[in-house]
Amino acid sequence: MNRFIETIRNIFKIEELRKRILFTLLIILIYRFGSFVVIPGVDPNKLSALQNSSSQGLLGLLNMFSGGAFGNASIFALGIMPYITASIIIQLLGMAVPYFQRLQKEGESGRKKMNQIMRYLTVVIVIVQAPGYIKNVLVQLPNEAVTPFDPYVSTPGFFFWFSSVVLLIAGTLFIMWLGEKITDKGIGNGISLIIMIGIIARLPGAFVGECAARFAQGGTGLLVLVIELIVLFFVMIGTIALVQGTRKIPVQYAKRVVGNRQYGGVRQYIPLKVNAAGVMPIIFAQAIMFLPITIAGFRQTESLTGFAAAFTNVNGFWYNFVFFILIIAFTYFYTAVTINCNQMAEDIKKNGGFIPGVKPGKKTAEYLDNIMSRITLPGSIFLAIVAIMPAIVSLMGVSSSFSHFYGGTSLLILVGVVLDTLQQIESHLLMRHYDGLTKSGRIKGRVGRM
């Protein structure tokens, strides 16, 4: 306890770090405040039906990522997800379209152009999604009209539709701006931190609701709650291991003498991550699984039939089976794109290194590719299990709102962003010769160990 208090004091002794943390907290406060600003023309006292419909299923997932803004009919209702979708599309285009490949090679100027295109694409995505969301809000609201200008009537006017779409676009762009400010002037990882805060905002209410339901069952319910928390603890430990897990490949560097200095003659290790793709396979797969509910116009699952009903039931067999397969496929795809074994082998050869027992060049590339394929298989399977874990625990009686925290994108984002944030804070401490957040002074983030 004394070490923890001393670490907090050290954090606030560093002026730059203190300013970054306070600035980040201010931006987060603004974001949370905006989540409760309801679209003009909608009575916030009559949103109970909308909040109930967005408490489970795919709508519940969207509501969690937006920090409850989706169910509040807020100007931030669509959250940051349109921007995430746009970034995924740009990444895919960068793999297949020569123009975007050239932009990636142009350095800072190319990155600025791609970011600008990403913003325009985000606006297009919001324009497509906003009418479906507004229609869902109108369906969930009472039919009676309080005033002639009240949008509860069956055919709201053009001004209401136009202003609502504009506000939803502005809300998403404003969240993007907040995330960029956290990255520039805060503690970094702005977009990821925005998503994490939205997820954490739903945790207290979901946990209190689960506790109330279990306490109402008496002694048996209390025992079940304890088991649920134990399972959640082990799932989190497994997720941390998945995020940090690596396979170290030894590389021997030959001894070279240049002038009076000696180079090489040492053995180093290349850390190949078990989950090199991170959370991206789940996001890719979930973007595809969101298509049925998007096409259906954010309607409730109960009103859908056939194919749409099967693939909007997040606890159903076919939804989770396809989701499981897609995650494994996308894990291999994204790993193959991000990890260039040929380039790694060439860099090792140029620096006078070699993997013991493996010939430099092509054989080294084949060896690294073989190792990546082997460690990616268990990593992809465990990632897929983590992704469908909310459906598994939901079938075992855990409430839908609390089950989201047992896995999926939410848990991976929580674990990954928390580790990255702690790693950045620790780097500031160690640079000023203070003790780190842990006894070893080394926290592994998603990008590896410091």
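Details
- Condition met for Ile381 (at pLDDT 85 or above, part of a helix (DSSP H, G or I), closer than 23 Å to Met280 by Cα and in contact with a Gly (Cβ under 9 Å, 6 or more places away or on another chain)): no
- Some residue of segment 366-386 being of a type in the set (Ser, Thr, Tyr), crowded, with 19+ Cβ neighbours inside 10 Å and in contact (Cβ under 8 Å) with a residue 40 or more places away in the chain: yes
- Selection status of Ala285, open to solvent by less than 40 Å² (accessible area, probe 1.4 Å) and at pLDDT 80 or above: yes
- Taking segment 394-416 as the range and being part of a helix (DSSP H, G or I) and farther than 15 Å from Met64 by Cβ as the test, the residues that pass are Leu395, Val415, Gly416.
- Counting the residues of segment 105-130 that are within 23 Å of the chain's Cα centre (by Cα) and either under 14 Å from Ala86 (Cα atoms) or open to solvent by 40 Å² or more (accessible area, probe 1.4 Å) (or both) gives 18.
- Scanning segment 384-435 for residues that are in contact with a His (Cβ under 7 Å, 6 or more places away or on another chain) and either modelled with pLDDT of 80 or more or under 30 Å from Asn10 (Cα atoms) (or both) yields a single hit, Pro390.
- Within segment 315-340, residues that are open to solvent by 70 Å² or more (accessible area, probe 1.4 Å) sit with their Cβ atoms under 9 Å from residues that are part of a helix (DSSP H, G or I) and modelled with pLDDT under 80, at 6+ positions apart or across chains, in these pairs: Phe317/Ala310; Trp318/Ala310; Phe333/Phe284.
- Selected residue [surrounded by fewer than 18 Cβ atoms within 10 Å (Cβ to Cβ), assigned to a helix (DSSP H, G or I), touching a residue at least 12 places away in the same chain (Cβ under 8 Å) and not acidic (Asp, Glu)] from Leu223, Leu203, Leu229: Leu203
- The set of residues from segment 79-106 being outside any helix (DSSP H, G or I) and of a type in the set (A, V, I, L, M) comprises Ile80, Val97.
- Sole exception among (1) under 25 Å from Phe382 (Cβ atoms); (2) modelled with pLDDT under 80 for Ile230, by number: (2)
- Checked against the criterion of being touching a helix residue (DSSP H, G or I) at 6+ places or on another chain (Cβ under 8 Å) and under 30 Å from Glu180 (Cβ atoms), segment 224-239 has at least one qualifying residue.
- Selection within segment 87-104 - surrounded by 15 or more Cβ atoms within 10 Å (Cβ to Cβ) and among the charged types (D, E, K, R): none
- Looking across segment 394-411, the residues that are aliphatic (A, V, I, L, M) and open to solvent by 10 Å² or more (accessible area, probe 1.4 Å) come down to Leu395, Met396, Val398.
- Counting only residues that are at pLDDT below 80 and either of a type outside the set (A, V, I, L, M) or over 30 Å from Ala384 (Cβ atoms) (or both), segment 313-339 holds 4 of them.
- Test: residue in segment 341-352 that is open to solvent by less than 10 Å² (accessible area, probe 1.4 Å) and of a type outside the set (A, V, I, L, M, F, W, C): no
- Of residues in segment 40-86 being within 25 Å of Asn115 (Cα to Cα) and open to solvent by 20 Å² or more (accessible area, probe 1.4 Å), the one modelled with the lowest pLDDT: Leu62
The values are calculated or read from the model by the stated rules, or taken from the named source; none is laboratory data. Keep in mind it's a predicted model, so treat the numbers as computed, not measured. Quick reminder, even Gly has a Cβ in these numbers, built from the backbone with ideal geometry, and neighbours come from all protein chains shown. Side chains included, ligands, DNA and RNA excluded: accessible areas come from the protein's heavy atoms. Shrake-Rupley method; radii C 1.70, N 1.55, O 1.52, S 1.80 Å.
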